[in-house]
Amino acid sequence: MKESIESLDAVLNHPALPANLRAIGEKVVNGQRITPEEGILLYEQGELGFLGALANYIRERKHGSYTYFNRNFHIEPTNLCVYSCKFCSYSRLIKQREDGWIMTEDEMLDMVKKYDNKPVTEVHLVGGVIPQMGLHFFASLIQKIKTHRPSLHVKAFTPVEYYYMFKKAKVSYREGLQILRAAGLDSIPGGGAEIFDEEVRSIICGDKCTAQEWLDIHETAHSMGIPSNATMLYGHIETYAHRIDHMNRLRNLQDKTGGFNCFIPLKFRAANNEMAHLGEVSVIEDLRNYAVARIYLDNFDHIKAYWPMIGRTTAQLSLSFGVDDIDGTVDDTTKIYSMAGSEEQNPSLTTRQIVDLIKAVGRHPIERDSVYNVLTDFGTTEPEAAIPEFISLPVINK
Ligand code: V47
Ligand code: SF4
């Protein structure tokens, strides 16, 4: 923390720093919230070193060097989808069924059973949207997962899937979420948010749930005590003002509910989709974006870099630009990013690898559960020695 204060002091007192950026820096040091206009200014004028010093200061004020991860795996029930988001490399329209997969309930339960005796704590369940897989199909699946392994945290479905399945089952958001929670749903992942701006949204994914429907479903979940994450798909046709508008809507909802665990910027990856001609933004832009997110979202505890999408090296760099979480071991169970051209073609890390990756950039690895309770302090425990479901270290000096 001492180093981050010193480097921030040096940056803020640099004679070449424009007065408007220094004023924003001083607000951050004083713990004051920045305005949307100031957020846009940071994107337009903030250099990487300046943004990084500010974001790292906030990150270390909140978490010290702690860097969180969990042990998880994904189930993607199908890649068939009734929607046709232009950025999606993963889905196949129902009419192109030969390229797609639909897992049966038994196949998905077998996946869960494959992890018997392995120390995973979370299953992330998300995929395409099809009429055959509705509310009661998924309630039954979740219930069977929980019966088999009650301690496994089920983080499942985005408002895109919820909106479709609830409408089809003729239930309200609250009734639908109640049915799934009774079956064992624990939390909601951040997907489907893309960019909230209505005009951009209508171009890149005009046929799925609207921004307001996404926000309303998360708000309903929070009011029922179901926590969730939030994402933002950046680096395509959106402007900096659209990114700030997106984060502003999230910041407002978080003020109201406090139900978001973390914010996950998702870089648009350009392989095999209808927006491929746009190409991809640079790693510098990725780091600037993490930093502005950390500065803007003062009421979010955690900023996550999702390493299967961004790659291990950028995930390591991001830890100096406001990020304090790099998701989980994943175990090669997601196809969304490898199909979109991520450098991680078979995303899987052992606990040893994820711990080493974090330590290699001078950070302190902490295994968390899905709601950020500390499970194991890997700054002091060797990975081979830990059996995380049975170790609990709730109080640690940062
Ligand atoms: O909503 C799809 C994105 C999201 C592409 O909550 C793409 O812990 C980039 O939300 N380039 C789904 N992104 C994944 C997601 C997620 C992932 C990891 C952890 C969590 C969490 C949530 O993937 C979609 C969309 O925004 N996406 N295609 C693409 N070509
Ligand atoms: Fe379907 Fe999701 Fe792909 Fe959109 S991003 S086409 S909703 S699978």
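The values are calculated or read from the model by the stated rules, or taken from the named source; none is laboratory data. This structure is a prediction, so every number in the text was calculated from the model and none was measured. As a convention, Cβ positions derive from the backbone with ideal geometry for all residues, glycine included, and neighbour counts pool all protein chains shown. Remember, those area values only see protein heavy atoms, side chains included, never the ligands or the DNA or RNA. Shrake-Rupley method; radii C 1.70, N 1.55, O 1.52, S 1.80 Å.
Key figures for this structure:
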item	result
Label-point separation, K256 to D298 (7 Å along Cα→Cβ), nm	2.1
Gain upon complete extension [E219, E44; 0.36 nm per residue less C-alpha separation]	59.9 nm
Convex hull volume per residue in cubic angstrom - Cα atoms of the stretch 146-253	107
Calculated FRET efficiency for the pair N248/V29, C-beta based, R₀ 25 Å, to 0.05	0.70
Largest-first ellipsoid semi-axes for the stretch 2-63, taking √(5λ) over the Cα gyration tensor eigenvalues, angstrom	17, 14, 10
For a label point 7 Å along the Cα-to-beta-carbon line of V82, residues of the stretch 160-174 with backbone N under 12 Å	161-170
Nonlocal amide H pairs with L266, under 5 Å, H built at 1.01 Å	M232, L233, Y234
Whole-Hz ³J(HN,Hα) from phi, Karplus 6.51 cos²θ - 1.76 cosθ + 1.60, for the stretch 302-307, glycine and proline x	10, 10, 10, 9, 8, 5
Acute angle (nearest 10 degrees) that the helix 2-12 long axis makes with the longest principal axis of the chain, alpha-carbon atoms	70
Length released on extending from D106 to S7, taking residue separation times 0.36 nm less the Cα-Cα span	30.2 nm
Nearest-20 debye value, the stretch 66-386 charge dipole, Cβ charges on Lys, Arg, Asp, Glu	440
Free-standing Cys residues across the chain, given no other cysteine C-beta under 4.7 angstrom	C81, C209, C262
Cα-Cα P(r), the stretch 205-291, percent of pairs per 10 Å interval	15, 43, 31, 10, 0
Estimated vicinal HN-Hα couplings, Hz - the stretch 102-114 in sequence order (Karplus 6.51, -1.76, 1.60; Gly, Pro = x)	10, 8, 7, 4, 5, 4, 6, 5, 5, 4, 4, 5, 4
Radius of gyration and maximum dimension Dmax of the chain, Cα, Å	20.5, 65
Estimated inter-spin distance, E37 and T239, nm [label 7 Å along Cα→Cβ]	1.6
Most to least accessible of W101, W307 (protein chains only, probe 1.4 Å)	W101, W307
Estimated 222 nm signal from helices in the chain, with DSSP H stretches of n ≥ 4 weighted -39500 (n - 2.57), rounded to 500	-12500 deg cm²/dmol
Cβ-based net charge around G52, under 11 Å, with every Lys or Arg adding one and every Asp or Glu removing one	+2
